[in-house]
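Colleague: Provided herewith is a single structure, encoded as structure tokens, for subsequent inquiry.
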Amino acid sequence: MAFLDNSGDIILDAVLTDTGRMRLAKGDGSFKIAKFAVGDDEINYSIYNKDHASGSAYFDLEVLKSPVFEAFTNNTSTMKSRLLSIPRTNLLYLPELVLNENIKGTAKNAKGYFLVAVDTETEGVVGPKTDGYMKGASITEANSSQIMVDQGLNTTEISAGFTLDADLKETQYIIEIDNRLGSIVTAGTNSTAVPVSFIDDDQIASYYITTASPGLLVHDIPNATDTETNNTSAIAGPRGTRVSFQIKASLELNSSTFLFNQLGSTATADATSTLGLGANSSTTANFLYIDANVRITGVTTGSRIDIPLRFLKKN
């Protein structure tokens with residue numbers, strides 16, 4: 001990765017995504033550039049100088065001359081903040097993705113992440129009273145938390161009773177997770193596997209889900225005048241849709257310690273203070289763990305949220 005000099009001519013430096021390269025390699029004519037994304041992660045807008053002595057034409061000069069990232073193909077590192085173009089000029093607020101921890105079984109644990117027990121032995125010592133605890137092996141059993149993300153205008157300046165405009169409402173999402181560690185399943189006691197849309201060369205699995213996906217993966221959030229009250233949604237203003245799912249641990253994490261030894265760490269002290277386990281959990285066991293994220297991105301607006309995970313195995 002490098003920076004490109006932007007002090008002179010404007011430079012266009014573009015690369016294909018993993019999906020784009022895959023389609024190009026087919027050679028069957030299916031490759032067509034239909035979408036592209038731009039970002040400004042490298043720009044420091046604080047250098048905008050509205051007090052420049054030479055006048056308004058120079059206010060943004062340093063911003064425009066900022067060096068830009070050279071395009072590179074590692075999709076896990078590129079464009080964490082994508083630019084969004086909306087032709088409307090009457091928007092005061094943009095939609096957000098917000099983790100919902102207001103409903104029972106949706107809160108993170110005391111350390112700020114979701115724990116995924118990778119086998120039944122670990123499930124037996126973690127205990128059901130631990131917040132943010134998922135049974136990564138026994139996914140169809142009760143007492144397992146779920147990840148729930150709400151979408152909408154998160155402001156109290158606009159009443160939650162108003163309907164979110166259609167062009168700001170997400171109806172489709174992309175969920176990304178390291179396929180070596182876990183997979184996405186629907187929430188609840190009838191949990192089922194969600195089909196993987198694509199696995200890239202970094203072993204990041206992408207799940208494309210919509211309001212038509214089974215298992216209530218994506219559904220509308222009732223507004224403030226419906227049966228759901230304000231305090232059960234993470235969105236303070238007009239609401240869009242909700243995504244909810246659970247994590248199933250991979251077979252490799254379930255059956256071996258190889259990835260834990262390669263990518264993880266150990267917790268050998270007081271497990272309650274180190275791992276954020278519940279009060280009724282075993283605090284004398286030794287654990288292996290791997291920290292990771294699951295990423296949810298709205299396809300329409302590009303809004304994105306990363307949810308921290310910790311895959312846990314009794315040692």
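The values are calculated or read from the model by the stated rules, or taken from the named source; none is laboratory data. Bear in mind the structure is a predicted one, so any value in this text is a computation, not a measurement. Heads up, the Cβs are rebuilt from the backbone with ideal geometry, glycines too, and the neighbour counts pull from every protein chain shown.
Colleague: Taking the range 142-164 on its own, how many of its residues are outside any strand (DSSP E or B) and out of contact with any Ser or Thr (no Cβ under 7 Å at 6 or more places or on another chain)?
Modeller: Total satisfying the criteria: 13.
Colleague: Among the residues of the range 43-100, which ones are surrounded by 12 or more Cβ atoms within 10 Å (Cβ to Cβ), among the β-branched types (Val, Ile, Thr) and either in the same structural domain as Glu157 (by TED's automatic domain parsing) or modelled with pLDDT of 80 or more (or both)?
Modeller: Of everything in the range 43-100, those that are surrounded by 12 or more Cβ atoms within 10 Å (Cβ to Cβ), among the β-branched types (Val, Ile, Thr) and either in the same structural domain as Glu157 (by TED's automatic domain parsing) or modelled with pLDDT of 80 or more (or both) turn out to be Ile43, Ile47, Val63, Val98.
Colleague: Something else now. For residues in the range 1-42 being of a type in the set (S, T, N, Q) and at pLDDT below 75, which is surrounded by the most Cβ atoms within 10 Å (Cβ to Cβ)? Step through it out loud before you land on a result.
Modeller: In the first step, residues of the range 1-42 are kept if they are of a type in the set (S, T, N, Q); the result is 6-7, 17, 19, 30.
Filter once more, so that each one left must be at pLDDT below 75: 6-7, 17, 19.
Working: Asn6: 14, Ser7: 8, Thr17: 16, Thr19: 13.
Ranking the qualifying residues of the range 1-42, first place goes to Thr17.
Colleague: Picking from Leu97, Leu115, which residue would you name as being in contact (Cβ under 8 Å) with a residue 24 or more places away in the chain and farther than 19 Å from Ala285 by Cβ?
Modeller: Leu97
Colleague: Something else about it: Looking only at residues that are of a type outside the set (Asp, Glu) and in contact with a strand residue (DSSP E or B) (Cβ under 6 Å, 6 or more places away or on another chain) in the range 154-170, which one is farthest from Thr232 (Cα to Cα)? Even if it seems obvious, please write down each step before you answer.
Modeller: Filtering the range 154-170 for residues of a type outside the set (Asp, Glu) gives 154-156, 158-164, 166, 168-169.
If we keep only those that are in contact with a strand residue (DSSP E or B) (Cβ under 6 Å, 6 or more places away or on another chain) too, we end up with 154, 164, 169.
Numbers: Asn154: 13, Leu164: 17, Lys169: 19 Å.
Only one residue tops the list, namely Lys169.
Colleague: From the list Ser159, Ser206, Ser250, which one is under 21 Å from Phe114 (Cα atoms), polar (S, T, N, Q) and more than 17 Å from the chain's Cα centre (by Cα)?
Modeller: The conditions single out Ser250.
Colleague: Go through the range 169-263 and tell me which strands (runs of 3 or more DSSP E), entirely inside it, have 2 or more residues that are free of Cβ contacts under 8 Å to residues at least 60 places away in the same chain and surrounded by 14 or more Cβ atoms within 10 Å (Cβ to Cβ).
Modeller: The strands (runs of 3 or more DSSP E) meeting that bar are 204-210, 218-220.
Colleague: Select, from Thr241, Thr189, Thr229, Thr171, the only residue that is closer than 19 Å to Ile103 by Cβ and either within 14 Å of the chain's Cα centre (by Cα) or at pLDDT 90 or above (or both).
Modeller: Thr241
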